[in-house]
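Chemist: Pasting in a structure now, in structure tokens, and then I'll have a few things to ask.
The values are calculated or read from the model by the stated rules, or taken from the named source; none is laboratory data. Everything numeric here is computed off the predicted structure, so don't read it as measured data. Don't worry about glycine lacking a Cβ; one is built from the backbone with ideal geometry, like all the others, and counts go over all protein chains shown. Please note that ligands, DNA and RNA were not included when accessible areas were found on the heavy atoms of the full protein model with its side chains. Shrake-Rupley method; radii C 1.70, N 1.55, O 1.52, S 1.80 Å.
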Amino acid sequence: MKYLPVVRCLLAAVLLAEVDRPLPGATTDATIQRGVDAEYPSLEKLYVHFHAHPELSFREAQTAAKLAGELKRLGVEVVTEIGGHGVVGVLRNGTGPTVLVRTDLDALPVKEQTGLTYASHVRMTNDLGVEVDVMHACGHDVHITSLIGTARLLTNLKDRWSGTVVFIGQPAEERGAGARAMLKDGLFTRFPKPDFCLALHVSPELPAGSVAIVEGYAMANVDAVDVTIRGSGGHGAWPHKAKDPVVLAAQTVIALQTIVSRETDPLDSAVVTVGSIHGGTKHNIIPDEVKLQITVRSFTDEVRSNTLDAIRRIARGQAISAGVPEDRLPVVKVDDREFTPATYNQPELVRRLSGVFKGLLGDGKVVSRRPVMGGEDFSEYGRTVDKIPICMIWLGSVEPERVAESERTGKPLPALHSSLYRPVPEPTIKTGVRAMTAAVLELAPRK
Ligand SMILES: [Zn+2]
Ligand SMILES: [Zn+2]
């Protein structure tokens with residue numbers, strides 16, 4: 001077909017205008033990709049900075065200040081010191097839903113052994129006044145950088161969405177306390193209340209470039225239980241004159257194993273791990289007491305309460321059977337302040353986001369995964385009276401070749417919290433920014 005030159009010119013202009021107009025689907029994905037590519041060199045510098053300057057839980061002052069500064073530069077309204085060093089940044093863009101995007105800020109008392117040029121050499125004083133090495137061994141530095149990248153893209157793409165985004169930098173995730181502290185400090189009352197809450201967490205087993213979302217329960221209820229098993233001490237050569245708490249503790253540890261194997265529905269999940277047992281000072285002294293520290297994991301409230309009740313009942317029953325008097329029965333303490341509730345990814349939200357990510361990254365890059373018995377206090381944002389739908393996305397963070405080699409050899413890759421865990425920055429951060437930006441565009445679309 002032939003056109004007059006002027007008509008051809010007009011047609012070209014119309015086509016160009018078409019490209020610039022806010023369009024759903026491939027055009028938006030390509031725009032996101034271009035945006036990420038343009039921002040990446042500066043994001044990598046930020047990542048290297050965060051990685052080399054980790055801070056312990058409740059001590060994230062510098063990390064929070066840097067994040068706040070980055071958000072302010074974009075024109076985001078920022079308030080700091082929410083629930084400790086928490087940062088809240090509100091980006092308003094007309095009417096529409098409010099989406100909360102969360103990063104955690106804290107690092108761990110781990111001595112980094114990765115050998116990376118930007119490895120951490122930081123040492124900090126912990127709560128007990130002891131100086132410890134500090135490392136971003138749980139990838140929270142990836143989460144912070146991805147959130148900053150997402151904020152930059154959403155600022156540049158304001159013509160493609162409508163609503164409000166609340167960016168939060170949450171302190172003390174590793175202590176299971178930061179989310180609760182921010183909520184208590186008015187996260188949902190002093191700032192726009194979200195309709196959806198989203199977060200990323202790096203996965204040490206998933207190849208970079210992919211994501212995974214678990215529908216429903218994704219991570220467990222985590223309880224810390226302290227048991228003091230009491231007897232009456234004496235000389236090791238006169239056991240009949242004592243009530244030996246060491247033998248009683250041993251019997252109790254074994255009896256606790258029946259909670260999962262005999263009392264829990266085989267189709268439910270639970271863990272009772274006695275991680276610490278301490279008692280006594282010397283070969284020939286029967287001590288007065290032995291202390292156990294137990295981690296208890298579950299998904300549902302029902303399995304949680306049954307498991308905790310069973311620990312109390314078994315500890316008490318074993319002591320009675322050993323002849324321990326009423327006033328020396330075991331003391332079982334469950335500290336609710338240390339409780340991390342299960343993360344429940346709302347199924348409808350998961351399906352919606354899975355569809356978006358498949359379109360964005362390709363079908364094979366959106367992997368389904370099983371739940372895990374680890375815990376994450378991101379769960380708290382979905383457990384207020386508002387029952388806000390939440391979703392935590394696993395972000396692949398390891399070179400695909402390393403994942404393949406691990407599968408071939410059966411040698412596991414370094415886990416989260418390992419001194420050897422090293423996410424591969426570029427594909428991980430780029431995928432994190434792309435996925436989170438696309439998720440917000442989906443949830444707060446321009447109509
Ligand atoms: Zn962690
Ligand atoms: Zn973590």
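Chemist: For segment 138-171: of the residues being over 19 Å from the mean Cα position of the chain (by Cα) and in a loop (DSSP other than H, G, I, E, B), which is farthest from ligand 2 (Cβ to nearest atom)?
Modeler: Filtering first and then ranking leaves SER162.
Chemist: Same structure, new question: What number of residues within segment 367-404 are among the charged types (D, E, K, R) and within 16 Å of ligand 1 (Cβ to nearest atom)?
Modeler: 3
Chemist: Got at least one residue in segment 356-367 being out of contact with any strand residue (DSSP E or B) (no Cβ under 7 Å at 6 or more places or on another chain) and at positive phi?
Modeler: For segment 356-367, residues out of contact with any strand residue (DSSP E or B) (no Cβ under 7 Å at 6 or more places or on another chain) and at positive phi: present.
So that you can scan it fast, the table gives a plain yes or no per residue for (1) open to solvent by less than 40 Å² (accessible area, probe 1.4 Å); (2) over 27 Å from SER232 (Cβ atoms); (3) assigned to a loop (DSSP other than H, G, I, E, B); (4) not acidic (Asp, Glu):
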position: HIS283; (1), (2), (3), (4): no, no, yes, yes
position: VAL290; (1), (2), (3), (4): yes, no, no, yes
position: ARG297; (1), (2), (3), (4): no, yes, no, yes
position: LEU308; (1), (2), (3), (4): yes, yes, no, yes
position: ALA315; (1), (2), (3), (4): yes, no, no, yes
position: LYS333; (1), (2), (3), (4): no, no, no, yes
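Chemist: Which of the residues that make up segment 55-97 are in contact with a helix residue (DSSP H, G or I) (Cβ under 7 Å, 6 or more places away or on another chain) and assigned to a strand (DSSP E or B)?
Modeler: Result: VAL78, THR80, ILE82, GLY86, VAL87, GLY89, LEU91, ASN93.
Chemist: Same structure, new question: Given the conditions (1) within 18 Å of GLY139 (Cα to Cα); (2) more than 16 Å from ligand 2 (Cβ to nearest atom); (3) touching a Leu at 6+ places or on another chain (Cβ under 8 Å), which single one is not true for PRO389?
Modeler: (1)
Chemist: Tally the residues that are surrounded by fewer than 21 Cβ atoms within 10 Å (Cβ to Cβ), in contact with an Asp or Glu (Cβ under 7 Å, 6 or more places away or on another chain) and outside any strand (DSSP E or B), restricting the search to segment 192-237.
Modeler: 2
Chemist: What is the one condition in (1) within 14 Å of ligand 2 (Cβ to nearest atom); (2) at pLDDT 95 or above; (3) open to solvent by 40 Å² or more (accessible area, probe 1.4 Å) that ARG175 does not satisfy?
Modeler: That leaves (2) as the condition not met.
Chemist: Would you confirm whether any residue within segment 119-137 is within 16 Å of ligand 2 (Cβ to nearest atom) and either at positive phi or in a helix (DSSP H, G or I) (or both)?
Modeler: Within segment 119-137 (the criterion being within 16 Å of ligand 2 (Cβ to nearest atom) and either at positive phi or in a helix (DSSP H, G or I) (or both)), the answer is no, since none of the residues qualifies.
Chemist: Further question: Whether any residue in segment 215-224 is within 16 Å of ligand 2 (Cβ to nearest atom), charged (D, E, K, R) and closer than 30 Å to GLU399 by Cα is what I want to check.
Modeler: no
Chemist: Being open to solvent by less than 30 Å² (accessible area, probe 1.4 Å) and in a loop (DSSP other than H, G, I, E, B) is the filter; apply it to segment 178-191 and report the residue that is nearest to ligand 1 (Cβ to nearest atom).
Modeler: LEU187
Chemist: Just a yes or no: is a residue in segment 346-362 surrounded by fewer than 21 Cβ atoms within 10 Å (Cβ to Cβ), small (Gly, Ala, Ser), in a loop (DSSP other than H, G, I, E, B) and away from ligand 2 (no atom under 16 Å from the Cβ)?
Modeler: There is at least one residue in segment 346-362 that is surrounded by fewer than 21 Cβ atoms within 10 Å (Cβ to Cβ), small (Gly, Ala, Ser), in a loop (DSSP other than H, G, I, E, B) and away from ligand 2 (no atom under 16 Å from the Cβ).
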